[in-house]
Every structure is written in structure tokens, then in C-alpha cells.
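Engineer: Right, I'll just put the structure down here and ask away after.
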Amino acid sequence: MKRDSTEKSEIKITDEVNTSDKNKLRKDINQKTLLQNRVAQEKNVEHEWHSLDIEEYPTYLEEILKKSDWIKQNTTINILSNDFEDKFKLILKKKKIEFINKGGNEIDFFFNPGYKKDFNDLLREFKNKKNQYFKDLSKKQKTNLARKKEIIDEIKKLIDKNQHDNNTYKNFKNLQDAFYNTGQVP
């Protein structure tokens, strides 16, 4: 018994649709899972320093900056910094009230503990380190862009040749591989 060619194409189309639907569903599930994991990690990190005393914040920040993935911790560091500032404002307010109640003048009040200075120094170090990281990344991308332009020029030279042979194709494939492996560009 012979099959009609339209039946075969219909079967292939439905299989492709089912496969693409499955892939789309898998992708959606993976994205949801990643988002849930990310939110859970942020909540865990947030709870880690809520139990810390304000004097321990510089040590905690220093540990984050020593990790290999410090650049990915930008959100965590911002939350940590805001939490530190909120706690410090409360302490500052209490100290100021104590100072005034002891008979001091509000203008003469000064409170700058060592942990505040240490925390600010670490934040400054993080910002400098982050700026340097992005400057280096930008330089690297510019270098990659220049290299990709060179490769494009070499490919144009291959096309301009009157004679095309096996070596031309091999050279083209090598240049194509080099182009794709060059890296990110701005």
C-alpha cells in the first residue's frame, strides 16, 4: 500500500509543532526554576546579615569581595549597604539623643566608629574594583572588535581572488572559526 506524500508532510509538520511546543514548555519551566532559585538565594543572603551585629558588616562585606564571583554580587552588596545605613542611622540617632541628654550641645555631636570607616572603605574598594573590571572588559571588547574587522577584511580578500580552490575554502573556514571564537564585542 502506497502512502500519499501529503500524509507524510502532515505527519512531519505535527511532529515539528509538538517538538517546538515541548521545547518552549521546557524553556519556560527552566526559566521559572532559575527565577525561583535566584529569589530563594537573595532571601537567604538577606537573612544571613539580618542576624549580624552592625560591627560584623565590614567582615561580611570583605568575605563577599574575596569570592571569585564578586562581580555578580552587586545586588547583594547594594542591599547590604542599604541595610547597614539604615541600622547605622538608628544607632546614630540613639547616640545623639544620649549625648544631648547628658548635657551636650547638638552641634558638638560627632560619632564615627571604626566599623563605619571600614565598611565605607570596603564599599569604595568594591566600586573601584568594579570600575576597573568594566574598563578591562571594554578594552578587551575593543580588541576583539578590531580583530573581527581584520578577519572580515581577510575574508573580503579571499572573495576578491579570481582563483578559488580547496585552499580558499579551508582558509575561509579557518577565518570563520577565528571570527566566532574571538569573543564579545561592544
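Engineer: Taking the range 162-186 as the region of interest, how many residues are open to solvent by less than 70 Å² (accessible area, probe 1.4 Å) and in contact with a Leu (Cβ under 7 Å, 6 or more places away or on another chain)?
Structural biologist: 3
Engineer: Where residues in the range 45-104 are out of contact with any helix residue (DSSP H, G or I) (no Cβ under 8 Å at 6 or more places or on another chain), of a type in the set (Lys, Arg) and closer than 19 Å to Asp118 by Cα, which of them is least open to solvent (accessible area, probe 1.4 Å)?
Structural biologist: Applying the filter and picking the extreme gives Lys89.
Engineer: Look through Ile159, Ile152 and report the one residue that is more than 19 Å from the chain's Cα centre (by Cα), of a type in the set (Val, Ile, Thr) and open to solvent by less than 100 Å² (accessible area, probe 1.4 Å).
Structural biologist: Ile152
Engineer: For the range 77-128, which positions are among the β-branched types (Val, Ile, Thr) and farther than 19 Å from Tyr57 by Cβ?
Structural biologist: Result: Ile97, Ile100, Ile107.
Engineer: So which residues in the range 77-127 are of a type in the set (Gly, Ala, Ser) and within 23 Å of the chain's Cα centre (by Cα), if there are any at all?
Structural biologist: Of all residues in the range 77-127, those of a type in the set (Gly, Ala, Ser) come to 81, 103-104, 114.
Residue satisfying the conditions is Ser81 alone.
Engineer: Out of curiosity, is Lys140 over 30 Å from Glu56 (Cβ atoms), open to solvent by 80 Å² or more (accessible area, probe 1.4 Å), more than 18 Å from the chain's Cα centre (by Cα) and not acidic (Asp, Glu)?
Structural biologist: no
The values are calculated or read from the model by the stated rules, or taken from the named source; none is laboratory data. For clarity, every value in this text was computed on a predicted model and none was experimentally measured. All Cβ positions, glycine included, derive from the backbone under ideal geometry; neighbour counts span all protein chains shown. Note: areas computed on protein heavy atoms with side chains; ligands, DNA, RNA excluded. Shrake-Rupley method; radii C 1.70, N 1.55, O 1.52, S 1.80 Å.
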